[in-house]
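Single-structure report; data block below.
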Amino acid sequence: MSNKETMRSPSLMDALLPLIMMIIMLTAAVMYFSDNSSYGPNQIALLLATGVAIIIGLKNGHNWVSIEKAIINGISISLGAVLILLAVGSLIGTWLLSGTVPTLIYYGLNILNPQWFYMAACLICGLVAMSIGSSWTTAATIGVALLAVANGLGLDPAITAGAIISGAYFGDKISPLSETTNLAPAVVGTELFKHIRYMLWTTLPSISTALVLFLFLGFNEEVQDSATSALMLNDLMDKHFNINVFNLIPLVILLVLAIKKVPAFLAVSIGAITGAVWAVLFQQDFIMSLAGEGVDSVTANIKVVWTAFFDGVSVNTGNANLDSLLSRGGMSGMLNTVWLIICALTFGAVLEHLGMLRKLMDAILKGVHTTGGLITSTVSTCIGTNIVTADQYMAIVMPGRMYKEEYERRGLDPVVLSRTLEDSGTLTSPLIPWNTCGAYMYGVLAVNPLDYIFYCFFNLINPVLAVIYGYLGFKIKKLGNAVTA
């Protein structure tokens, strides 16, 4: 059995080899499985790369017992996020069943006006993504409908795609239902709602600037009457759900709990239970339609609401886009994300325990002496991780694990790191054609990322603003609430 005297520090090549193997395997995963690579292939690639790192660690004198303990400790930091994600799955299911999400979509589509179509598209997608916590689902449903409307009006599909993606990622980024929004604070060790509040300092100026740019682009567009696709979705939702303003009360309750700083898991759980109660109160016809014929109302309420908690909702409106938008949720829908988080954190924990992350950090941070330089390095690492690993989760987890200790050493609050991870890791992923997010957006919107990249104003502005804040020392929180430049 090895001891501290026989352990050797990793060389730079030791530290790089697991990353090189991971890049090769993740590239192969994307090549063979495309946008499905995050549903198993990437997890296997991460575990195999972890195996390479473990072999190097054993070679350098580490023992398996210490490595296994490091893995368990590394995974444990995500358990809070895992509980929140499972609660979020239940919340999505009950909010779909209660009509909360359909009502948000219904009112969002009503603000569509051809005279400012691009800005409206961005706002609608932001509202939907915030309510369901998924940029992918928003783009594949409302985004597809908006693109169809844009084509009918003769509007530019690349600008429309940029507006859809900007709005979708804005809503996703500030939604407590989002997987990445839960992942970033979990990786660095801060609290979800604190993370969201701190992100607003970079997020709101970025989306405001983007909306002004989309409004400007729409000034000279000649549009014909009609948003038929959007109106058709509203008609279908009105037919299947009891749409009324009271359906938004579960959302108001969740927002109040967030403002009151109630712990995220407790707040989301209360939100999910409230959604279940609202479903029974306001959506009896919908519940009975899901239960099927010959089922009494008591049994229908129990079974359908219970199912919404663990397996979400599945609807059949006759419209594939609307069905895809409204058929999701449940704890089971979060299990793949939990699997990916565990595999990614296992890889990061092993690299950290074996000293490989420290070796890489020393090489990266050589010559970086200011907070602005540190944030610039973090942004660059997140973008680079998105490019080489083709996965936004890796672009959050890997830099988060790498920079966590350095931010603490420099006296910076963890929310500075978690915000920077989202400002760059989450937002740049759909801009890269071979990234799973870029490939997915191309698949559902049928617009090449190299065409829409210049119009994803929110995704482009936010990382730049994060760097500017770093050099200006603006809203850079230190431990102990001090501020540094």
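The values are calculated or read from the model by the stated rules, or taken from the named source; none is laboratory data. It should be emphasised that the depicted structure is a prediction, and the values quoted were computed from it without experimental measurement. Quick reminder, even Gly has a Cβ in these numbers, built from the backbone with ideal geometry, and neighbours come from all protein chains shown. SASA here: full protein model, heavy atoms, side chains in, ligands and nucleic acids out. Shrake-Rupley method; radii C 1.70, N 1.55, O 1.52, S 1.80 Å.
If R0 is 45 Å, the Cβ-Cβ spacing of residue 285 and residue 31 corresponds to a FRET efficiency of close to 0.40. Out of every Cα-Cα pair in segment 1-67, what percent are more than 17 Å apart? Result: 49 percent of Cα pairs exceed 17 Å. Global size of segment 68-209: 17.0, 60 Å for Rg and Dmax (C-alpha atoms, Rg to one decimal, Dmax whole).
Note on segment 126-255: Cα Rg divided by 2.2 N^0.38 Å, N the number of residues, gives 1.19. Relative to the longest principal axis of the Cα atoms of the chain, the long axis of helix 117-132 makes an angle of roughly 70 degrees. Relative to the current alpha-carbon distance between residue 212 and residue 474, full extension at 0.36 nm per residue lengthens the span by 92.0 nm. Computed over every Cα-Cα pair of segment 314-353 and binned at 5 Å starting from 0, the pair-distance distribution P(r) comes out as 6, 21, 14, 13, 13, 10, 9, 7, 5, 3, 1 percent.
Taking only the C-alpha atoms of segment 184-338, Rg followed by Dmax gives 19.7, 57 Å. Of all the Cα-Cα pairs you can form in segment 407-448, what percent are over 12 Å apart? Considering segment 407-448, 63 percent of its Cα-Cα pairs are separated by more than 12 Å. Using only Cα atoms, figure out Rg for segment 252-315 and give it as a multiple of 2.2 N^0.38 Å. Here the Cα radius of gyration is 1.29 times the empirical estimate. The percentage of C-alpha pairs in segment 1-154 whose separation is greater than 25 Å is 57%.
Scattering from segment 354-436 was approximated by placing one identical point on each alpha carbon and applying the Debye formula without solvent; log10 I(q)/I(0) at 0.11, 0.24 1/Å stands at -0.26, -1.15.
In degrees, nearest 10, range 0 to 90: what is the angle between the Cα axis of helix 264-282 and the longest Cα principal axis of the chain? With both axes taken from Cα atoms, the answer is about 20 degrees. Sorted into 10 angstrom bins from 0, the C-alpha pair distances of segment 30-107 split as 15, 23, 28, 20, 9, 4, 0 percent. Using a cutoff of 8 angstrom between alpha carbon atoms and counting only pairs six or more residues apart, the relative contact order for segment 298-429 works out to 19 percent. Average the reciprocal distances over every distinct pair of alpha-carbons in the chain, invert the result, and give the Kirkwood radius in Å. Radius from the Kirkwood sum: 23.2 Å.
Normalising the average separation of contacting C-alpha pairs (under 8 angstrom, six or more residues apart) by the number of residues puts the relative contact order of the chain at 25 percent.
Whole percent per 5 Å bin, from 0 to the bin with the longest distance: what is P(r) over all C-alpha pairs of segment 328-482? Pair shares across the bins are 2, 9, 16, 20, 19, 15, 11, 6, 2, 0. The per residue volume of the convex hull around the alpha-carbon atoms of segment 343-400 is 76 Å³.
Per residue, the chain exposes 40 Å² of solvent-accessible protein surface, assessed with a 1.4 angstrom probe and all protein chains in place.
Derived value for segment 308-392: Kirkwood hydrodynamic radius 16.6 Å. Basis is the mean of 1/r over every pair of different alpha-carbon atoms.
Scaling against 2.2 N^0.38 Å puts the C-alpha radius of gyration of segment 234-289 at 1.29. Over the residues of the chain, the helix contribution to mean residue ellipticity at 222 nm works out to -23000 deg cm²/dmol, using -39500 (n - 2.57) for each DSSP H run of at least 4.
Label sites at residue 9 and residue 293, each approximated as a point 7 angstrom past Cα along Cα to Cβ, lie 7.6 nm apart.
The calculated FRET efficiency for residue 66 paired with residue 232, based on their beta-carbon distance and R0 = 60 Å, is about 0.50. Working from label points 7 Å from Cα in the Cα-to-Cβ sense, the residue 323 to residue 219 distance is 4.5 nm.
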